[in-house]
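The next block holds one structure in the form of structure tokens; read it before the comments.
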């Protein structure tokens, strides 16, 4: 994709079209937009501060990430999903 980075409108359109691949952490798609691969990071800590949340209230959580390699100095895209039981 030699047109990435040359026009904001084109970048938005391509990124919008690839949002499912970005959310899935697809390595080639992540690299296309300059994001680090999920393979260079790991979740060091994860804490859910509000394990039960009623509709309309807030879920509070915190986490920390750590680099697995020295080559992890790139932009990072963090997406998360929650599922109802």
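Read the figures in this text as sums done on the coordinates, not as results from a lab. In this text the structure is predicted, and so the values were computed from the model without any measurement. Neighbour counts run over all protein chains shown; Cβ positions are idealised from the backbone, glycine included.
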Q. Somewhere in segment 70-82, is a residue in a strand (DSSP E or B), in contact with a strand residue (DSSP E or B) (Cβ under 6 Å, 6 or more places away or on another chain), surrounded by fewer than 13 Cβ atoms within 10 Å (Cβ to Cβ) and touching a residue at least 40 places away in the same chain (Cβ under 8 Å)?
A. yes
Q. Among the residues of segment 8-19, is there at least one that is within 12 Å of the chain's Cα centre (by Cα), free of Cβ contacts under 8 Å to residues at least 60 places away in the same chain and either part of a loop (DSSP other than H, G, I, E, B) or more than 19 Å from residue 80 (Cα to Cα) (or both)?
A. no
Q. Going through segment 27-57 one residue at a time, which ones are under 25 Å from residue 84 (Cα atoms) and either touching a residue at least 40 places away in the same chain (Cβ under 8 Å) or part of a loop (DSSP other than H, G, I, E, B) (or both)?
A. 49, 50, 51, 52, 53, 54, 55, 56, 57
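Would you mind stating whether residue 22 is in contact (Cβ under 8 Å) with a residue 24 or more places away in the chain and part of a helix (DSSP H, G or I)? Give the steps one after another, and end with the answer.
Details: in contact (Cβ under 8 Å) with a residue 24 or more places away in the chain: yes; part of a helix (DSSP H, G or I): yes.
Yes: the conditions hold for residue 22.
Would you pick out the residues in segment 47-63 that are in contact with a strand residue (DSSP E or B) (Cβ under 7 Å, 6 or more places away or on another chain) and exposed (fewer than 10 other Cβ atoms within 10 Å of the Cβ)? Break it down stepwise before answering.
Our first condition is that a residue be in contact with a strand residue (DSSP E or B) (Cβ under 7 Å, 6 or more places away or on another chain); within segment 47-63, this holds for 47-49, 61-63.
Of everything in segment 47-63, those that are in contact with a strand residue (DSSP E or B) (Cβ under 7 Å, 6 or more places away or on another chain) and exposed (fewer than 10 other Cβ atoms within 10 Å of the Cβ) turn out to be 47, 49, 62.
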